[in-house]
1. Using label points projected 7 Å from each Cα along Cα→Cβ, tell me how many nm separate residue A:428 and residue B:98, to one decimal.
2. Between the stretch A:146-218 and the stretch B:49-65, what is the C-alpha centre distance in whole Å?
3. In what sequence do B:27, A:396 fall when counting other Cβ within 10 Å, fewest first?
4. What's log10 of I(q)/I(0) for the protein assembly as shown at q = 0.08, 0.10, 0.11 Å⁻¹, Debye sum over Cα points only, no solvent?
5. What do you get for the angle between helix A:111-122 and the principal long axis of chain A? Use alpha-carbon atoms, 0 to 90 degrees, nearest ten.
6. Expressed in nm to one decimal, what extension gain is obtained for the pair residue A:132 and residue A:247 from 0.36 nm per residue of sequence separation less their Cα-Cα distance?
7. Quick check on chain A: take the gyration tensor over C-alpha atoms, sort the square-rooted eigenvalues as a ≥ b ≥ c, and tell me if it's rounded (a/c under 1.5), prolate or oblate.
8. Find the Rg to Rh ratio for the stretch A:209-301, where Rh is the Kirkwood radius over alpha-carbon pairs and Rg uses the same atoms.
């Protein structure tokens, strides 16, 4: 007889969740795929904590823990593993695992004993760590495995994994599969939350599709096919397969001279890294090992110096201060939006080189604000972007770049942690930037939907370029990328 | 605790009395202090402490139950729940308790059940006299007879008579899932004479405890109306082959039956209307015209909720081009040989 770990019945929290029914059995890996993001955070938060419900019941291991009549606001024994690590980075792995436990009563720490225990737990999962390794020194994948073991030690009823593909590379994702298999055979249960069905299908036993705060489909194993999922993502495929869009990209095979040159770069894991991005070209740099992306982005910002080699953009050293260069780090909605500034000032932040006396003339700023009303509505007059949604904040960042009119744009994982409709908006923006003549470099650990906007793909291996693939050859990534561009009919 | 303090109004009166008593006591002690009878100011600290305690107590004893009652009333008015208003432990006042009692009589479960049963019987009767149903069935028998396959004629006739017998007798009973599935197979067999190999029935049972799942008790005629809906509104309109899948799974406490078809699916507006009717309680559908569609689903949903509780029932998801899924959630109750 199956043991139910989590059951949600008719859970309703207007305007985020409507009539949610969901059940997860012990030792299962169930995926939750968000066609759009509405309600997913709220759904996860009611799993983690018994907060007030408008209607419905929540059961954990067949025990009613929350309903519309009474919510005790207590935390449930469910672990959440996502982009933000739950490990204390300044402490060792042993301390994170055995000392910082929910019901830990350890007073005297015997490190050698803890190291033996740690190795006993991590070795079957393919991880060998030295004694007293600081959590901060672990790679993203190692941190993930340590958090999984920590959740196992805490006897978490359910482990929620969110945005994992944006955290670890595709190679690591392949390594994760047997680890999850092993942990489920030891009695653990997982809810895998993501935006792309390919990664969910490769890991999960069952899937729930969610859109507009409703569960719109419960997929059983034999239904987890591309054909069925396409019926739910018609908007996306219709948009990316638009005839004129496809023709435009196919025409861009031969570009002009190189705008960005990365020559013989040696720094940390980079080994004589050499590549170029031509004018009007969009290049995706895929670093499956997740070794160089962060450092390369720092070098484009000119915050890190190479041991040897150089990065030139239009013949000059790259720098974040240059207005003809735009750099977008991961999670730009958090890192590039300033809550102290108004929405309009956030958007105009890097337009001062194009509009004379921008910051002195309020009337000019107001006139620009009126032009932006069509895209942002009343939000444009808000004195702070605090109340703006994630989508609105991302759009503010890219609107800022559109006004800045850079020659070169470097973006880190633009399609990470966003839903299908946000991906459509982003692809539209990248298309517009490309049509305006901007060269784009996308740094990524997974292909996601980036091939849709790419002219060329550069694959790195061990910190150096392994091979280059042109748009016409992208079909070989059919099973890896979330979506690949279709070829125009000859 | 005094039984009279079970309503929020009574509790509020009690708290007000306590507050007045504290104020009077404070004034009295202040007078004593002014006349020099009491020299120290310890009584101010004591009164403050009592005031804070009264505040905290009021929050737990009055404010939280009041919020809960208000929430229940809101859910009642929007149709989410009927039972909770009757079961409210701390109602707002005595008058509302009396109103609830009257309401309970009006919402008498037996009466609702009768209405629901009548509707089920009506639909069953309608099936018997539905000319298309009979015509198609008899046409099938005739064709088979013409083709001189007498054994298949016998099979079909047997299926038809078994189905009618099962449908007409004791709609109010609980039956085992096995019996209900046998009836569904019978119904499907009859429909197959009409559709041929165009429609297929697939039954997937949880392999771990298949035997036990099949012994679970469910209300009679729970599956057949849903299967009929799937065939008529899903598979019949679809060109080419269609498959209807019955998926049976269970946990310690629950039994889940999912009826899936890969038919044409529903338009969003139709799906929203059905979902709204399933998530709120209403018996208006009994009065409605059968042509409105979705009556069978709402009827089955209401019968389950009346019999087992508001947390059980039907959930429908659908997508055009993919098909429709109806998940039935029931308590897991194993047949012990006698019917309750």
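Read-outs throughout are calculated quantities, based only on the coordinates presented, and are distinct from any laboratory measurement. These figures come from a predicted structure and were not determined experimentally. No Cβ is skipped: glycine too gets one built from the backbone with ideal geometry, and neighbour counts run over all protein chains shown.
1. 6.1
2. That distance is 45 Å.
3. B:27, A:396
4. Per q value, in the given order, log10 I(q)/I(0) is -0.90, -1.20, -1.31.
5. Value to nearest ten degrees: 80.
6. 35.8 nm
7. Since a/c reaches 1.5 and a/b is larger than b/c, the shape of chain A is classed as prolate.
8. Result for the stretch A:209-301 is an Rg/Rh of 1.14.
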